[in-house]
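The values are calculated or read from the model by the stated rules, or taken from the named source; none is laboratory data. The structure displayed is predicted, hence computed values, not measured ones. When we count neighbours, we look across all protein chains shown, and the Cβ atoms used for this are built from the backbone with ideal geometry, even at glycine.
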Amino acid sequence: MTTTVEVLSAAFKDAGTPFIVGHPGGESVELMEAARQRQMRFLLIKQEMAGAMLAATWGDLTGSPGICLSTRGPGATNMVNGVAHAFLDRSPLIAITDSYSRPTYETGLRQRINQHAVYEPIVKWSTTIDAKTVRQQVRRAMRTATATPPGPVHFELPQSETTREAGDYTAEPPLTPHWIMPGPDRADLKPALDMLGRSKRPILIAGLGVYWCGASAEFVKFAERLGAPVLTTTKCKGTIPEDHPLRAGCIIGGLIERKLVMEADLIVTVGLDAVELQPKPWPYTLPVLALASVPSVDALVPADPEIIGNLKPLLAGLAQWAPEGGHWGEKAAKNFRQEVRDALNTPATGLSPQRAMEVARAVLPRNTIATCDAGASRLLIVQKWEAYGPREFLTSNGLASMGYAVPGALAARMVYPDRPVVAFTGDGGLLMTVAELQTAQRENLPIIVLVFDDKEIGLIRVKQEIKGIPLHGVQLGGVDWEKLAQAFGADGVTVDSEQALSNALKAAVQSKRTTVIGVRIDASGYVAQFNALREL
């Protein structure tokens, strides 16, 4: 007899995810045991939100849905923020919540909430597992979570179903589908080729769809064919190596990139998802050609035409057939990069956050994976850190949640056990997930945590200052980072100079131990940087 939990655990492992992460409840133990018998890890996370973010990042990096679970009631509600991250950041995830058996659910009120109603707005599909149909449910979940745009699926797992005999298929579909999407021929691309032929100064904006199609290499060849400068969304840093001469920087919805864009005569968006943009009207009147794997239904970007297809063969065809462009792209990209550097080069007393980032990029190896939290430092990190390959820079952008950097780094460490992983976070963001330092230690997932310590919730302080509101309710401070790290069995150090930071980073890379580096920064330049880079 094959039970429900045996079907689930085998499917998860066969799909490429050999672990479950979460904080279990009493109804989870059978699933955990079935996973153990299949040599799957169970990562005991300290906060369910962090577990969902870890699993979602695994999904980003591997394409296989990450698996997270929680107990019913409080565990399910705690996990919501991480699932919302997967939803708005387009990450394949299967989130499992325990549930009472139906008679128990109908009998009492304690820990009873409508979990389907809680999750329905933030998942692509929500279902209650039934032993008779579990094989079909898990296959539908795999397809739903990974179909573009990727996202989360919610399983409610009642106690009564865990050890029941699973129903069988007469003819069983494959666990993961083999979708074949033929590429376009030259005639199909005529509208795009005609627009590109009329353009003298095209500019490219790359979004998440490039990753969904595994089309980074084709995108770079397309950019080189056109000689066009490239802006990427925050999550697509690295889709073109950031030391490539055509790489301009990240589009952040601010004033600074408008001058560059307005020098162009055609905007070409590639895999752009509206969730990656700031929530404001499209500011450009230039013609827009959109290349995407799924149609846009948000009506935000005024593209005409929209060429829909698998971006990998589509971009390969355009890179072959598009007219070769001029050389305006390299000069335009270089000028923009210099403008950003100048805008961030604000005076400081002591160690500035921009110099801290320059030191980190200079010291850390080229193949370092970086994660980034939300907060005042994020805008600067996005511009200052250079990523040289796809998915080498990880952040929460669609949800833009604090508390992402550490669980994201743990996922990156699982996928890339031999590469350095650094989590850039503010003091507020780290304190939200500080308990996961113990997870890093217990699970042997060493990461470097670089904490920008400005003793406040910096982004809110910036907004208060810009709006002329007195500083109030945002102060932190008083954290001894060395002692905090040591309490979890990690290494810790506090620095306030460039040399000390350089030494700490070199020691952390060499030690291959989880290390917390508290960087005491002068954040007085944030307001000037925000005014230069972004409208508030």
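So which residues in the stretch 480-507 are touching a Lys or Arg at 6+ places or on another chain (Cβ under 8 Å) and surrounded by fewer than 18 Cβ atoms within 10 Å (Cβ to Cβ)?
Scanning the stretch 480-507 gives D496, E498.
Is there a residue in the stretch 508-527 that is modelled with pLDDT of 95 or more, in a helix (DSSP H, G or I), surrounded by fewer than 20 Cβ atoms within 10 Å (Cβ to Cβ) and under 24 Å from the mean Cα position of the chain (by Cα)?
yes
Say whether the condition of being among the acidic types (D, E) and farther than 22 Å from S497 by Cβ is met by at least one residue in the stretch 334-356.
Checking the stretch 334-356: at least one residue is among the acidic types (D, E) and farther than 22 Å from S497 by Cβ.
Every residue in the stretch 41-56 that is out of contact with any strand residue (DSSP E or B) (no Cβ under 6 Å at 6 or more places or on another chain) and either buried (at least 17 other Cβ atoms within 10 Å of the Cβ) or not hydrophobic (A, V, I, L, M, F, W, C) (or both), please.
K46, Q47, M49, A50, M53
Tell me yes or no: at least one residue of the stretch 502-515 is among the hydrophobic types (A, V, I, L, M, F, W, C), free of Cβ contacts under 8 Å to residues at least 60 places away in the same chain and closer than 30 Å to P417 by Cβ.
yes
Here are some residues: L437, L459, L430. Which one is out of contact with any strand residue (DSSP E or B) (no Cβ under 6 Å at 6 or more places or on another chain), surrounded by 23 or more Cβ atoms within 10 Å (Cβ to Cβ) and outside any strand (DSSP E or B)?
None of the others qualify; the one that does is L437.
If I ask for residues that are modelled with pLDDT of 95 or more and of a type in the set (G, A, S), which ones from the stretch 403-434 would you list?
Result: G403, A405, G408, A409, A411, A412, A423.
Among the residues of the stretch 342-357, are any closer than 24 Å to A507 by Cβ and surrounded by fewer than 18 Cβ atoms within 10 Å (Cβ to Cβ)?
Yes, the stretch 342-357 has at least one match.
Could you check, for the stretch 9-16, whether at least one of its residues is closer than 19 Å to A145 by Cα, modelled with pLDDT of 95 or more, crowded, with 22+ Cβ neighbours inside 10 Å and touching a His at 6+ places or on another chain (Cβ under 9 Å)?
No, because not a single residue in the stretch 9-16 is closer than 19 Å to A145 by Cα, modelled with pLDDT of 95 or more, crowded, with 22+ Cβ neighbours inside 10 Å and touching a His at 6+ places or on another chain (Cβ under 9 Å).
T425 - would you say it is under 18 Å from the mean Cα position of the chain (by Cα), crowded, with 24+ Cβ neighbours inside 10 Å and more than 19 Å from Q354 (Cα to Cα)?
In short, no.
Based on this model, can you work out whether A423 counts as over 23 Å from L351 (Cα atoms) and of a type in the set (G, A, S)?
no
State which residue is modelled with the lowest pLDDT when the search covers only the stretch 68-86 and only residues that are in a helix (DSSP H, G or I) and buried (at least 24 other Cβ atoms within 10 Å of the Cβ).
Step by step, filter the stretch 68-86, then rank; the result is A76.
Of (1) in contact with a strand residue (DSSP E or B) (Cβ under 7 Å, 6 or more places away or on another chain); (2) free of Cβ contacts under 8 Å to residues at least 24 places away in the same chain, T234 satisfies all except one. Which?
The one condition T234 does not meet is (2).
Within the stretch 93-116, does at least one residue satisfy the condition of being under 23 Å from M414 (Cβ atoms), among the small types (G, A, S) and in the same structural domain as I45 (by TED's automatic domain parsing)?
Yes: the stretch 93-116 contains one or more residues that are under 23 Å from M414 (Cβ atoms), among the small types (G, A, S) and in the same structural domain as I45 (by TED's automatic domain parsing).
Condition check ((1) closer than 19 Å to E436 by Cβ; (2) under 20 Å from the mean Cα position of the chain (by Cα); (3) assigned by TED's automatic domain parsing to the domain that holds Q278) across all residues:
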{"position": "S352", "(1), (2), (3)": "no, no, no"}
{"position": "A356", "(1), (2), (3)": "no, no, no"}
{"position": "L364", "(1), (2), (3)": "no, no, no"}
{"position": "G375", "(1), (2), (3)": "yes, yes, no"}
{"position": "Q383", "(1), (2), (3)": "no, yes, no"}
{"position": "S396", "(1), (2), (3)": "yes, yes, no"}
{"position": "G403", "(1), (2), (3)": "yes, yes, no"}
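Filter the stretch 481-507 for residues that are assigned to a helix (DSSP H, G or I) and aliphatic (A, V, I, L, M); which is farthest from L450 (Cα to Cα)?
Looking at residues that are assigned to a helix (DSSP H, G or I) and aliphatic (A, V, I, L, M), I get A487.
Which condition number in (1) closer than 19 Å to A52 by Cα; (2) more than 25 Å from the chain's Cα centre (by Cα); (3) among the hydroxyl-bearing types (S, T, Y) is the one that T133 fails?
With (1) closer than 19 Å to A52 by Cα; (2) more than 25 Å from the chain's Cα centre (by Cα); (3) among the hydroxyl-bearing types (S, T, Y) applied to T133, the lone miss is (1).
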